[in-house]
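Student: Pasting a structure below so you can have a look.
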Amino acid sequence: MVKMERKSLVICIVVGLLGLLSSVLGFVAEAKRIKASQVTEVAPGVCSYPRSPAYALGITAAFALLIARVVIDFASGCFCCRKRPYSSTTQQAFALVCCMTSWFAFVMGFILLLGGAALNDEHGAENLYLSYYYCYVVKPGVFAVAAILSLVSVTFGILYYLTLSSGNKVNDQSVGPTGPTQSGIAMGQPQVPQTSHDPVFVHEDTYTRRQLA
């Protein structure tokens, strides 16, 4: 029991730190992204972009979020392939909501982090770019939204893991240790008092008198 609680604590700490790292890097990438005021048009249709660490920050944030997702899934297991029954319908519904919310936030946050990082470096797509004459930059808030989604994904992932862990603990306690039962008819041998069959020694004179009588 103590070993399991220690394992759950370690997993929650590791996942929480990874999620926090991903979120912080996302907010830093938002602050360091290339802004429209930093882009200059050196020729018609030719833009000059300054160097920005937003690309490396976004990639690192996405990688940290991916590791957190892998740890949660490895520790929790597949929701649909779970062999142990849930302690209640409410617990099952709550675990399902946490799992779906965590996965949705992960997918969206991961895409925004990678997309924002790549587009901030390549300068080409229009879906995440804001037109600045002939030049494009990443829209404000892309990395910030990804950072918030990272926190949401990790938070609901931890809740999902703790819900499954508490369900396993309840099932283990309800089963309890198995052993031979003492109920039923007791079978045993009747206790018959034993008599002594040791030989009795009689004096010779006493034996002779009994024969004469």
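Rundown of residues vs (1) over 17 Å from Gly141 (Cβ atoms); (2) out of contact with any Ser or Thr (no Cβ under 6 Å at 6 or more places or on another chain); (3) in contact (Cβ under 8 Å) with a residue 12 or more places away in the chain, yes/no style:
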position	(1), (2), (3)
Ile13	yes, yes, no
Gly16	yes, yes, yes
Leu21	yes, yes, yes
Ser37	no, yes, no
Tyr55	yes, yes, yes
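Student: Looking for whichever is surrounded by 16 or more Cβ atoms within 10 Å (Cβ to Cβ) and under 21 Å from Trp103 (Cβ atoms) here; the options are Cys12, Cys47. Which one fits?
Tutor: Details: Cys47 fails: under 21 Å from Trp103 (Cβ atoms).
Unique residue meeting the criteria: Cys12.
Student: Quick one: in segment 25-46, of everything that is of a type in the set (Gly, Ala, Ser) and not in a loop (DSSP other than H, G, I, E, B), which residue is modelled with the lowest pLDDT?
Tutor: Keep residues of segment 25-46 that are of a type in the set (Gly, Ala, Ser), which gives 26, 29, 31, 36-37, 43, 45.
From what's left, not in a loop (DSSP other than H, G, I, E, B): 26, 29, 31, 36-37, 43.
On the way: Gly26: 95, Ala29: 94, Ala31: 93, Ala36: 77, Ser37: 80, Ala43: 71.
Once the filter is applied, the top-ranked residue is Ala43.
Student: For the subset of segment 105-132 comprising residues that are modelled with pLDDT of 80 or more and exposed (fewer than 15 other Cβ atoms within 10 Å of the Cβ), which member is nearest to Gly26 (Cα to Cα)? Let's see the steps before the verdict.
Tutor: Here is the first cut: in segment 105-132, the residues modelled with pLDDT of 80 or more are 105-118.
Subset that is exposed (fewer than 15 other Cβ atoms within 10 Å of the Cβ): 107, 111.
Details: Val107: 15, Ile111: 12 Å.
If we take residues in segment 105-132 being modelled with pLDDT of 80 or more and exposed (fewer than 15 other Cβ atoms within 10 Å of the Cβ), then Ile111 is nearest to Gly26 (Cα to Cα).
Student: Select, from Val175, Val145, the only residue that is modelled with pLDDT of 55 or more and aliphatic (A, V, I, L, M). Lay out the reasoning, then the answer.
Tutor: On the way: Val175 fails: modelled with pLDDT of 55 or more.
Exactly one residue qualifies, and that residue is Val145.
Student: Counting just the residues of segment 50-104 that are hydroxyl-bearing (Ser, Thr, Tyr) and surrounded by 15 or more Cβ atoms within 10 Å (Cβ to Cβ), which one comes out modelled with the lowest pLDDT? Quick ask: steps written out before the conclusion?
Tutor: Step one: of segment 50-104, the residues hydroxyl-bearing (Ser, Thr, Tyr) are 52, 55, 60, 76, 86-90, 101-102.
If we keep only those that are surrounded by 15 or more Cβ atoms within 10 Å (Cβ to Cβ) as well, we get 52, 55, 60, 76, 86-87, 101-102.
Details: Ser52: 83, Tyr55: 89, Thr60: 96, Ser76: 82, Tyr86: 55, Ser87: 59, Thr101: 95, Ser102: 94.
Within segment 50-104, the match that is modelled with the lowest pLDDT is Tyr86.
The values are calculated or read from the model by the stated rules, or taken from the named source; none is laboratory data. Worth saying up front: this structure is predicted, and the values here are computed from it rather than measured. Methodologically, a virtual Cβ is constructed for each residue, glycine included, from the backbone with ideal geometry; neighbour enumeration extends over all protein chains shown.
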